[in-house]
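Please read the structure below before turning to the comments.
Since every read-out is calculated from the coordinates, none of them should be taken as a lab result. Given the structure is predicted, the values throughout are model-derived calculations rather than measurements. Cβ placement follows ideal geometry from the backbone for every residue including glycine, while neighbour counts extend to all protein chains displayed.
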Amino acid sequence: MSAIIGTSVQEAIHWLASGQPVALPTETVYGLAAPLDDVSCIKKIYALKQRPANNPLIVHVLGIEQLQQVAEVSPLAEKLVQHFWPGPLTLVLKRKEIVPDIVTAGQTTVAVRSPQNPLFREVIRTLGQPLVAPSANKFQHISPTSAQQVSQDMGDVLNYILNGGPCQFGLESTILSLLNNSPTLLRPGPISKEQLQDFLSMAIKDRDSAIHEDKPLLSPGLYKKHYSPKTPLYWIEKLESYQPTEAYRSIFEQNSAHVFLMPPNRTLQASEFVLSPQGDLQEAAAHLFSMLQHLDMLGFQSIWIEKAPNVGIGRAINDRLSRAAHFKV
Ligand code: AMP
Ligand code: MG
């Protein structure tokens, strides 16, 4: 099989209606979608991605009405939904019966978000029901931020990839658990912890404490190696001032790619790359996965990339890099 890349919403709906998962664009990364009521199509998502069955899927809805069909909506959830949806914020809430067990990995909770991308929204609207969708990559590969990247990773097993151009944010959604009325950040993402705290005027806990308090809760952090290029990835503080020790000197200097977050104040060499030519973290985040995937194909023996400041979307960049890196030096 070789997937067709196209821009026809009708074609995407045709395949979904005949029980075949389809890759769809979202503002975060490309998703591999199936209708919520089609358990056999959802099973195919797990098989095609080689995703373990204990890793639950995010339900994608148009807005609060469909949210109420799948989850118990607390006043706190409603407040967040009014402000941040549609957008890259996933909420974990108590599920309703209608959600198949396969979607939640048998848990009593469900993760839900409302995507911004107009093509994705049109598919939900036409099918008249929510869609479940994890990222459209094979398990532990990098999440795709363009239709071409979906095709490279999964083109051999898919029928159709709906092309919506490059993803605006380029990182997976922020996941916030609202269980027990105690907001807990399960995955940092495009909507930052600071933004959420400012908006709610309350403290948001980090994921680790959540895992201790609520053991069965599955969180993306449980898979330490989630996104990894094949080329050894070294994660360092500041590239410009980095002085490798004797053990690392030859690896750092020979046939290696060096990735800056922002442009340094000098001309770049052929083996040097910049995530954000404009010098802003949002742009760096949007380019991160496509840069790693691009460099992975260029035949370097190692990739060296620097840390982002730990604020705003910088936290999400560092979260993904900490799991992608083979070495932190
Ligand atoms: P993705 O692989 O980007 O689609 O992200 C899906 C992630 O959402 C999973 O890896 C889970 O960790 C998280 N998730 C989905 N459902 C739940 C849930 N009910 N409780 C906690 N986390 C969830
Ligand atoms: Mg994923």
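Worth a mention:
- Pairs are defined by a Cβ separation below 6 Å, a sequence spacing of at least 6 or placement on different chains, a first member in segment 1-30 that is outside any loop (DSSP other than H, G, I, E, B), and a second member that is surrounded by fewer than 24 Cβ atoms within 10 Å (Cβ to Cβ) and charged (D, E, K, R); the pairs so defined are VAL9/GLU122.
- GLN168 vs. criteria away from ligand 1 (no atom under 15 Å from the Cβ), over 22 Å from MET1 (Cα atoms) and within 14 Å of the chain's Cα centre (by Cα): yes
- Residues that are under 22 Å from the mean Cα position of the chain (by Cα), in a loop (DSSP other than H, G, I, E, B) and buried (at least 19 other Cβ atoms within 10 Å of the Cβ) do occur in segment 115-129, at least one of them.
- Filtered residue count, segment 257-297, keeping only those that are in a loop (DSSP other than H, G, I, E, B), of a type in the set (Ser, Thr, Tyr) and touching a residue at least 40 places away in the same chain (Cβ under 8 Å): 0
- Restricting attention to segment 310-329 and to residues that are loosely packed, with under 15 Cβ neighbours inside 10 Å and more than 20 Å from the chain's Cα centre (by Cα), the residue that is nearest to LEU185 (Cα to Cα) turns out to be LYS328.
- For the criterion of being in a loop (DSSP other than H, G, I, E, B), out of contact with any Leu (no Cβ under 8 Å at 6 or more places or on another chain), small (Gly, Ala, Ser) and without any contact (Cβ under 8 Å) to a residue 60 or more places away in the chain, GLY106 passes.
- In segment 226-249, the residues that are among the hydroxyl-bearing types (Ser, Thr, Tyr) reach residues that are within 16 Å of ligand 1 (Cβ to nearest atom) with C-beta atoms within less than 7 angstrom, at least six apart or across chains, in these pairs: TYR227/ILE142; TYR227/SER143; TYR227/ARG320; TYR227/ARG323; TYR227/ALA324; SER228/GLN140; SER228/ALA324.
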